[in-house]
Structure formats: structure tokens, C-alpha cells
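FYI, it's all coordinate maths here, none of it is from the lab. Given the structure is predicted, the values throughout are model-derived calculations rather than measurements. So basically every Cβ, Gly included, is an ideal-geometry build from the backbone, and we count neighbours across all protein chains shown.
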């Protein structure tokens, strides 16, 4: 169906553009300003609890990509000692199956999501690099008791509503 007025569509488009041109932007300036992510985010790295880990290798068996490598030694009283625990996060698809499969809650997904690296070898983490630290925050994924302690997720929509008020 043709319009009787030539250029009416262009005028409507320009009116919409001008309306949004002078509106305050709601885009987050990412590197400087970060939003809180979901409490149950599946971050880009694993956090390993050395104290809880028994070396049963259930996590390695449940990994569909084979990204987890565990080498254990038999210690005193038939308990395993974890000699080597490594994760190749280049192969990891961050599905969380290893976290769910661990019967001793020794594995967690992290809260961080920006762990890009320039070198492939930097993606392979050994057991010292997988230990929890103040810079590595544990996600609430599959951990409801931890989820309650994390900050509430912030959204751009919430921020826009606060600025209007």
C-alpha cells in the first residue's frame, strides 16, 4: 500500500532519531563501570578447595571435554593424596557438571567472567592457581548457601529507574 505523501517514512524515521539523540544514554561504560552479574553465574574458571578434595576424580570422570587432570598417590590409611590437579580452561565449556558431580563440594565455579588470555598455555591452571583467594569469588552456582551471601544482580533497567526518581 503506497502512501500519498512522498517521504513520510523518512520523516518518521528522522523524528525517532532526533527523539533518541537528545536522550540521556543508558549504556554502561564497561571497563570503568561494571554491573553485578547473576549470583548463579557460571564464570570462566574453577575454584578448588584442597581441604575438602579427597582425590576421588569424580569431577574428571564427569567432564565431557576431559579438561580436568588428577594424579593421586595412596597415602596413609588408604586415603588419596592429590599430587596433581589441573584444569585446561581452553577445553572447558563451563557446563558445571564437575561441580555438580563432586560429592565433597570441593569444586566451585567462579564469579568472574573476564579472563581472556593472549597465550594458550596461560589457560592451563595447576592446583596452586585454582585455590580460592580474595580476588577469586565463588559463584552461587549449585551452592544455595553461598548464593545468599552474594550481592543482588543489577540491571540497566534498574539503574535507569533510579536515575528517573
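Taking the Cα centre of each part, how many Å lie between the range 84-118 and the range 47-67? For the range 84-118 versus the range 47-67, the Cα centre distance is 9 Å. Listing 18, 109 from fewest to most neighbouring C-beta atoms within 10 Å gives 18, 109. Under the criterion of Cα pairs below 8 Å and six or more residues apart, the relative contact order for the range 46-143 equals 35 percent. Taking Cα atoms only, the orientation of helix 8-21 departs from the longest principal axis of the chain by about 60 degrees.
Shape verdict for the chain, please, from the Cα gyration tensor: rounded (a/c under 1.5), prolate (a/b greater than b/c) or oblate.
Verdict is prolate for the chain.
From the square roots a ≥ b ≥ c of the eigenvalues of the alpha-carbon gyration tensor of the range 46-143, which class results: rounded (a/c under 1.5), prolate (a/b over b/c), or oblate? Cα axes put the range 46-143 in the prolate bin.
Sorted from fewest to most neighbouring beta carbons within 10 Å, what does the list 10, 93, 47 look like?
10, 93, 47
Mean separation of Cα pairs under 8 Å and 6 or more residues apart, divided by the residue count, gives the chain a relative contact order of 29 percent. Between residue 105 and residue 129, full extension at 0.36 nm per residue minus the direct alpha carbon distance yields a gain of 6.8 nm. A simple spin-label model places the labels of residue 49 and residue 17 5.7 nm from each other, with each point 7 Å out along Cα-to-Cβ.
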